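Down below is the structure, laid out as structure tokens.
Nothing in this text is a laboratory measurement; each read-out follows from the coordinates by a stated rule. A quick note: this is a predicted structure, and the numbers were derived from the prediction, not measured. We place every Cβ from the backbone using ideal geometry, glycine too, and count neighbours over all the protein chains shown.
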Amino acid sequence: MPRLNSPKDLADTRLHIRQICREQHTVSPFIYVGMGTCGIAAGAGEVEQTIQKELSAHQIDAEVIPVGCAGMCAREPLVDIQLAGKPRITYANVKPSEIPEIITEHIINGNILTKKAYAQLPEHRHWLEKKSAAENLPSYHELPFYSKQIRIALKNCGMINPESIDDYISQDGYRALSKAVTGMSQEEIITEIKDSGLRGRGGAGFLTGVKWEFCYLAKGQPKFVICNADEGDPGAFMDRSVLEGDPHSLLEGMTIAGYAIGAQEGYIYCRAEYPLAIERLKKAISQAEQYGLLGSNILGTNFHFNLHIKEGAGAFVCGEETALMASIEGRRGEPRPRPPFPAVSGLWEKPSNVNNVKSYAMTPQIILNGSNWFKGMGTERSTGTAVFALTGNIKNTGLIEVPMGITLREIIYEIGGGIPKKKKFKAVQTGGPLGGCLPETALDTPVDFDSLTAAGATMGSGGMIVVDQDTCMVEFARYFLTFASAESCGKCVPCRLGGQRLLEILTRITQGGGTLDDLEEIQYISENMRAASLCALGQLTPGPVMASLRFFREEYEAHIVDKYCPAGVCKGLYSYEILEIQCRGCGLCIKSCPSGAITGSKKEPHVIDQRKCIQCGACYDVCNLEAITVIPKLETIEEIRTNN
Amino acid sequence: MASIKLTINGKSIETHSGQTVLEVAQTAGIYIPTLCYHHALPPEGACRMCLVEIERQRSLQPACTFPATDGLVIHTHSPEVEATRKFILEMLISDHPLDCMTCDAAGDCRLQDLAYEYGVKGGRYQDGFKHSYEVNDPNPFIQVDRNKCILCHLCVRACDHVNGVEAISVFYRGFNAHIGFGADGSLQDSPCEFCGSCVAVCPTAALSPKLASGKGRSWQVEKVDTVCSYCGVGCKLTLNVRDDHIIKVESTWDGPANHGWTCVKGRFGFDYVHHPDRLKKPQVRKYLLDGKKKPKSRNGKLWQWVETDWETAINITAEKLRTTRDKFGPDSIGVLTSAKCTNEENYLMNKLARQALGTNNIDHCARL
Ligand SMILES: Cc1cc2nc3c(=O)[nH]c(=O)nc-3n(C[C@H](O)[C@H](O)[C@H](O)COP(=O)(O)O)c2cc1C
Ligand code: SF4
Ligand code: SF4
Ligand code: SF4
Ligand code: FES
């Protein structure tokens, strides 16, 4: 690999790569296989092997390109095929057994296998050549899942080969770095980022440009650029997707930050549970070093910047920036009070800048396209886009990037496709285990830092969990609380002990032992944890509980007063009953019941013997006619009747 | 250091930068309760007892770590702050054995004092889980009772920053976090040197001297300042004496040589004081006292040790030295001094050897 010693070298290389790519494309088709962790989990590895086998069987010379996550996790494995002069066609949920047919029809016969094709991407790699769109096949931007999305941090994810720096460069990669280090002063970069209004995507939403400026102005050398790639929220995979799908965008963003604040060393703190991300980061770093885009005299300037990877052992609290730095230093990952802020005294007590993966990944494009372009998206105080991992009881689970200010309703019903199995929406949790849930009445809340906080949840770093009517909100809150209190570092009293006492109260309520005084107690502990905890973990641990108590108080009261879990989740606090008018006597429930509690003759309404029922819920899940309902426990009903 | 002006509880204070809010308050005589703070160790901000309200700050801030800067307006006892402190104590007490009546630290326990001050009783979370760690560390000096630990990290800091041994760390997370030694084994098997610095700073009875267990509590002892007799460092020690017996040795912070720290011997090696074999007066062989010749038999009466006064003992020694020097020459005598002596004492021995005895045969044990 040649070293790139000037912006011109980079530009020439870009043109050269594109030229080669064009030439290659005229002779061999491109096949893209989604090989992010989600794709691999869905079986992309086997799919890729089958493709290779099939190609050699037919002696086809095609380029098989592994790509990162395109976001449609529910549709993995994804295989895209692009013939010269034709749009890139996506096949979804591809099974190995379907490969021969796809290859024969699409590559050998040159026809799109319409029954299996899912969508097309006519614009991708616009520099390749002009492409005519395929008829009758929706473009990505016409798919409901994509139509409202704008991809900045995820621009290249699922599109390019993350293990190829050439692929990144061909897509204008490192152009922003080139522009920054050869054409902009440190102050100009900081001003550009400040003007863009970019707020940190790690959760707290602090203005990135202002943070960089603090670090730039701080006295002391060396300075450090640190990327927070700890991503400890259960169910979150936004950062992982960027690391796996487009690692160079992070490297470029960090290098620009290094130049802006005057740092020569950077650390990427990535959880060891992300082996694929770490492997790709390592490859990306060594490729960038070979090109002279990292290391000494970057692009022939006298700016030097080195990047190191530090693997974290998977403690959620190590995502907190001061704990993260302690962990890099080799100490126990415990937060410490700020001030001093990392910008003044961070890693090894030197000025340090900590940002989230997405914050860095967005910077190259802000530098390239200007702050006005970025500000043009989103709302006034939350500019740009937000990345969410959409999970839970939702049709289109996956990774999305949306302009700030979009409503929860749009995300859930348009992008997410609504709630599956005709169930009713109940709540959406944003902000992960430190966030909060919002009810149906809040669905028109705009998704931005301030509106979500005002509504009672938080933006967090991008987890979005949708739950339906079958979720008990007390148990839901308890789940997050169990996580947060176990992940407390235990350093400060309010979090270490408050979290435990709160959890005990919630557990008691879900077991039917709660009292109405407990609700006051929840409030009391929560407020004090919020006011007195050292770091945001302890301050926000009560978040999910507070939000669910605020929006679903009646559910808490049902558990306490009626000893009844209306969602039918908390064991011992409900019974199942078959509604006579709904039941057609199909017998599915009889077959599903493991304890033989259901009887009834064919086409006659069935009944559940409450003495035999173990509340496993098998009949409830299997009934297609919604004939089985959750009711308070029969003994409890009788008790309440006799007491009145 | 720039001079700054700030306001605490309406009182305007002029001071210099480079201090924490707590330090400024303490100098100005304004009390802020603390648990994890110790003036001789770096602040940690862990217990949250010292939280104060600082105007224009989003949330309450720990006085022990917050830098005092110009223009701060601070309230140390606003109702919100006081309520929060009470909550913190309630939380601590909720996982604490309530046995002040048999606890060695009673009367000398920061947790007890603060619970008293804030009127916090046990019972609010009595159904909650309480730890019950075993109290069985086999080491001879330090009683380890994790049930009484409030995780202030003072012992950790003392061991790291004062002794530099790093024998103590925090293990596990959340409610299960606890202090441990070495790789979470016993203190006995850890790199601990038993300097007892951790015991000195522990605000409760989580780390306490085993020798003092059950022997008396702070109000029952007389405190006697002394200088350690073990070595020439001259650590200032404070003996806790009850019924004429030393039950515990403390090191006080105003000791000019040791600033509050001391070693295993000074802190725990005091049993010799009350040992029946201890010599309390000088002794000489009877034949010397009687002015007789050295007896041939070592079994006879004349060979026995007899107690005498200092005057007599020193005169006999001087006389023997003189006759030896005169008869066999100065180099027939050698002098060995001790690390137990101070510099000044060693200097005087040197004078005695070279000037009075006239020999250069002088050496020093250089160790105990
Ligand atoms: C318990 C806890 C966990 C956190 N985890 C992460 C994380 O995984 N990734 C992240 O970027 N920020 C995390 N943060 C936020 C960081 O402390 C910090 O604010 C962030 O990395 C700053 O980057 P930004 O300005 O780009 O958002 C966490 C904070 C807390 C309190
Ligand atoms: S709030 Fe929790 S996680 Fe944060 S420092 Fe305190 S104990 Fe540790
Ligand atoms: S006695 Fe000294 S060496 Fe041992 S643990 Fe305590 S502070 Fe450390
Ligand atoms: S043993 Fe004592 S000094 Fe150490 S953390 Fe516990 S209470 Fe603090
Ligand atoms: S004394 Fe300040 S937090 Fe403990």
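So here's what we get for this one:
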{"item": "Low-density loop positions, GluC sites (Glu not before Pro), segment A:472-581 - DSSP coil, at most 13 other Cβ in 10 Å", "result": "A:Glu580"}
{"item": "Shape metrics for segment A:501-644, restricted to C-alpha atoms - Rg then Dmax, Å", "result": "19.2, 63"}
{"item": "Prolate/oblate/rounded call for segment A:115-236, Cα gyration tensor, a/c under 1.5 rounded", "result": "prolate"}
{"item": "Positive-end extreme of charge dipole, chain B - chosen from B:Ser218, B:Pro43, B:Asn346 (charges on Cβ)", "result": "B:Asn346"}
{"item": "Beta bridges by DSSP in the protein assembly as shown, antiparallel share as percent, to the nearest 5", "result": "70 percent"}
{"item": "√(5λ) per eigenvalue of the Cα gyration tensor, segment B:208-275, largest first, Å", "result": "19, 13, 10"}
{"item": "Placed amide H near A:Ala119: partners under 5 Å, 5+ positions off or other chain", "result": "A:Thr90"}
{"item": "Other-chain or far-sequence residues with amide H under 5 Å of B:Leu35's (modelled H)", "result": "B:Met49, B:Cys50"}
{"item": "Exposed-loop-free span, longest in chain B, where chymotrypsin sites (Phe, Trp or Tyr not before Pro) count as exposed if DSSP calls them loop and at most 16 other C-beta atoms lie within 10 Å", "result": "B:254-368"}
{"item": "Histogram of C-alpha separations across segment A:571-643, 10 Å bin width, %", "result": "21, 53, 22, 5"}
{"item": "Unit Cα scatterers, Debye sum, the protein assembly as shown: log10 I(q)/I(0) for q = 0.08 Å⁻¹", "result": "-0.94"}
{"item": "Violating pairs (Cα-Cα greater than 32 angstrom) within the set A:Lys211/A:Lys283; A:Lys422/A:Lys603; A:Lys211/A:Lys426; A:Lys219/B:Lys236; A:Lys86/A:Lys148", "result": "A:Lys211/A:Lys426; A:Lys219/B:Lys236"}
{"item": "Residues of segment B:90-117 with amide N under 18 Å of the 7 Å Cα→Cβ point at B:His274", "result": "B:104-105"}
{"item": "Loop-resident sites, segment A:33-134, for GluC sites (Glu not before Pro), counting at most 12 other Cβ within 10 Å (DSSP)", "result": "A:Glu129"}
{"item": "Over segment A:571-643, relative contact order from alpha-carbon pairs under 8 Å, at least 6 apart, %", "result": "41 percent"}
{"item": "Estimated dipole of segment B:140-286 in Debye, rounded to 20 [Cβ of Lys and Arg +1, of Asp and Glu -1, Cα centre]", "result": "540 debye"}
{"item": "Shape category assigned to segment B:40-149 from the gyration tensor of Cα positions, a/c cut at 1.5", "result": "prolate"}
{"item": "Nearest-20 debye value, chain B charge dipole, Cβ charges on Lys, Arg, Asp, Glu", "result": "1840 debye"}
{"item": "Ellipsoid semi-axes in whole angstrom, largest first, where each is sqrt(5λ) of the Cα gyration tensor of chain B", "result": "54, 26, 18"}
{"item": "Rg followed by Dmax, in Å, when segment B:3-77 is reduced to its Cα trace", "result": "11.2, 30"}
{"item": "For segment A:217-337: relative contact order, % (alpha-carbon pairs under 8 angstrom, 6 or more apart)", "result": "27 percent"}
{"item": "Trypsin sites (Lys or Arg not before Pro) restricted to segment B:267-368 and DSSP loop, no more than 11 other C-beta within 10 Å", "result": "B:Arg278, B:Lys280, B:Lys292, B:Lys293, B:Lys296, B:Arg298, B:Arg367"}
{"item": "Between segment A:1-53 and segment B:348-365, the alpha-carbon center distance in angstrom", "result": "87 Å"}
{"item": "Per-residue [θ]222 nm for chain A (sum of -39500 (n - 2.57) over DSSP H runs n ≥ 4, rounded to 500)", "result": "-11500 deg cm²/dmol"}
{"item": "³J(HN,Hα), Karplus 6.51/-1.76/1.60, whole Hz, each residue of segment A:97-114, x for Gly, Pro", "result": "5, 8, 4, x, 5, 4, 5, 4, 6, 7, 8, 6, 8, x, 10, 6, 7, 4"}
{"item": "Helix-only [θ]222 nm of chain B, DSSP H runs n ≥ 4, -39500 (n - 2.57) each, per residue, nearest 500", "result": "-6000 deg cm²/dmol"}
{"item": "Three-way shape label, segment B:283-367, alpha-carbon gyration tensor, a/c 1.5", "result": "prolate"}
{"item": "Hydrodynamic radius (Kirkwood) for segment A:173-375, which is based on Cα pairs only, to one decimal in Å", "result": "16.5 Å"}
{"item": "Hits among aspartates and glutamates - C-alpha to C-alpha of A:Lys395 under 18 Å, sequence gap 8 or more where chains match", "result": "A:Glu76, A:Glu142, A:Glu410, A:Glu414, A:Glu440, A:Asp468, A:Asp470, A:Asp621"}
{"item": "Normalised contact order of chain A, rounded percent, pairs of Cα under 8 Å and 6 or more residues apart", "result": "11 percent"}
{"item": "Viscosity 1.002 mPa s, temperature 20 °C, Stokes-Einstein D of segment A:385-562 from Kirkwood C-alpha radius, µm²/s", "result": "131 µm²/s"}
{"item": "Dipole of the protein assembly as shown [Lys/Arg +1, Asp/Glu -1 at C-beta], most positive-end residue of B:His364, B:His16, A:Tyr267", "result": "B:His364"}
{"item": "Dipole-positive endmost among A:Ile525, A:Gly585, A:Gly463 within segment A:453-594 (Cβ charges, Cα centre)", "result": "A:Gly463"}
{"item": "Calculated diffusion of segment B:306-348, Stokes-Einstein form, Kirkwood radius summed over Cα pairs, 4 °C and 1.567 mPa s, µm²/s", "result": "105 µm²/s"}
{"item": "10 Å Cβ shell holding at most 16 others, DSSP loop, GluC sites (Glu not before Pro): longest site-free stretch of chain B", "result": "B:194-368"}
{"item": "Placed amide H near B:His364: partners under 5 Å, 5+ positions off or other chain", "result": "B:Thr337"}
{"item": "Centroid-to-centroid separation of segment B:23-54 and segment A:487-501 [C-alpha atoms, Å]", "result": "20 Å"}
{"item": "FRET efficiency for A:Ser595 and A:Thr507, using Cβ-Cβ distance with R0 set to 25 Å, rounded to 0.05", "result": "0.45"}
{"item": "Two-decimal Rg to Rh for segment B:200-336 - Kirkwood Rh, Cα set", "result": "1.15"}
{"item": "Estimated dipole of segment A:385-562 in Debye, rounded to 20 [Cβ of Lys and Arg +1, of Asp and Glu -1, Cα centre]", "result": "400 debye"}
{"item": "Intensity falloff of segment B:104-223 expressed as log10 I(q)/I(0), Debye formula with alpha-carbon point scatterers, at q = 0.09 Å⁻¹", "result": "-0.26"}
